[in-house]
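Below: the structure, in structure tokens.
The values are calculated or read from the model by the stated rules, or taken from the named source; none is laboratory data. Predicted model, so just to flag it, every value in this text is computed and none were measured. Methodologically, a virtual Cβ is constructed for each residue, glycine included, from the backbone with ideal geometry; neighbour enumeration extends over all protein chains shown. Ligands, DNA and RNA are stripped out before the accessible areas are found, and what is left, the full protein with its side chains, is counted by its heavy atoms. Shrake-Rupley method; radii C 1.70, N 1.55, O 1.52, S 1.80 Å.
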Amino acid sequence: MNVSLWQKEMARRFLTKVMIKGILTTAAFPLFFIAYFWVMHNPAPFAELTVIPLLFVDHWIPVQQWALVPYASLWFYVCLPSSLIWQKQELIEYLLGAVFLCVLGIGIFWLLPTSVPDFGIDWSIYPALAFLKMADGGANALPSLHAAFAIYTAAFLNKQLRSFDVPAALRVANVLWAVLIVYSTIATRQHVFLDALAGTALGVLAYTPVSKIAGSMSAPATQTLIANPSHAK
């Protein structure tokens, strides 16, 4: 079976310091959730809870239990860029945006706690969503960090995929995956449209410094492949 150049490059990136990347990624999840749930239960003393209003878009999107699948897939999706990191510069770029996103998002939750409205839904009709509501109610609503991480991941992963010239279909699938995750935040009623919109803006904002300092990333990746004939065999 012929293996294309981009497949070889993807495998090489994945296998580069795979243990270290796996440990760091695994450690990041509990640290994030500790901060996330602590802020949820310990807002700033002067803060008042705000209920985010529904817009007409929210009424267009029905509750859809299947949306729990793309919603939960975020935690696999966000691992993809980190698994493909192979340079120290790239790691710094990724961490810069991810840490900025977390600190700003959780800081907003602490200073300006928000929640989704009471939708008046009998969640027993949607048992899978009922479990989600039990585990992570509707607090820490705006901005949606689910949407923010989906957009940030899509942008960073797109940069990586372009750097070793994967087929256009994979780049399109990357974008569609992120869009589906953002959509699922509303379809599961974990968030409303304004939450998702603010989360999308936060994801773009977090990626902005990365895009400014990463202009030379694609060139080294291409040059490495050209300079090393073993990758072209």
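Here are a few things to note about the model shown:
- Criterion violated by K159 - all others in (1) under 15 Å from the mean Cα position of the chain (by Cα); (2) surrounded by fewer than 24 Cβ atoms within 10 Å (Cβ to Cβ); (3) part of a loop (DSSP other than H, G, I, E, B) satisfied: (3)
- So S73, is it open to solvent by less than 50 Å² (accessible area, probe 1.4 Å), in a helix (DSSP H, G or I), closer than 20 Å to G199 by Cα and at pLDDT 90 or above: yes
- Subset of region 9-19 (residues that are under 22 Å from K159 (Cα atoms) and open to solvent by 50 Å² or more (accessible area, probe 1.4 Å)): M10, R12, F14, L15, K17, V18
Let's see how each residue does on (1) open to solvent by less than 20 Å² (accessible area, probe 1.4 Å); (2) not aromatic (F, W, Y):
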{"position": "A28", "(1), (2)": "no, yes"}
{"position": "L49", "(1), (2)": "no, yes"}
{"position": "P53", "(1), (2)": "no, yes"}
{"position": "D58", "(1), (2)": "yes, yes"}
{"position": "P62", "(1), (2)": "no, yes"}
{"position": "K88", "(1), (2)": "no, yes"}
{"position": "F100", "(1), (2)": "no, no"}
{"position": "G105", "(1), (2)": "yes, yes"}
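- Those helices (runs of 4 or more DSSP H) of region 1-60 in which at least 3 residues are out of contact with any Ser or Thr (no Cβ under 9 Å at 6 or more places or on another chain) and modelled with pLDDT under 90, considering only elements entirely within it, cover 5-15, 18-41.
- Taking region 164-205 as the range and being of a type in the set (S, T, Y) and not in a loop (DSSP other than H, G, I, E, B) as the test, the residues that pass are Y183, S184, T185, T200.
- Answer residue from region 129-152, given it is in a helix (DSSP H, G or I), within 23 Å of E48 (Cα to Cα) and open to solvent by 30 Å² or more (accessible area, probe 1.4 Å) and is modelled with the lowest pLDDT among those: A135
- Subset tally (residues that are open to solvent by less than 80 Å² (accessible area, probe 1.4 Å) and polar (S, T, N, Q)) for region 107-125: 2
- Pairs linking a residue in region 25-52 that is within 10 Å of P113 (Cβ to Cβ) to a residue that is surrounded by 13 or more Cβ atoms within 10 Å (Cβ to Cβ) and hydroxyl-bearing (S, T, Y), with Cβ atoms under 8 Å and 6 or more positions apart or on different chains, are L49/T114; L49/S115; T50/T114; T50/S115.
- Among the residues of region 155-179, just one is over 24 Å from L95 (Cα atoms) and touching a residue at least 40 places away in the same chain (Cβ under 8 Å), namely P167.
- One residue stands out in region 198-219 among those that are closer than 16 Å to L91 by Cα and open to solvent by less than 40 Å² (accessible area, probe 1.4 Å): the one that is modelled with the lowest pLDDT, namely M217.
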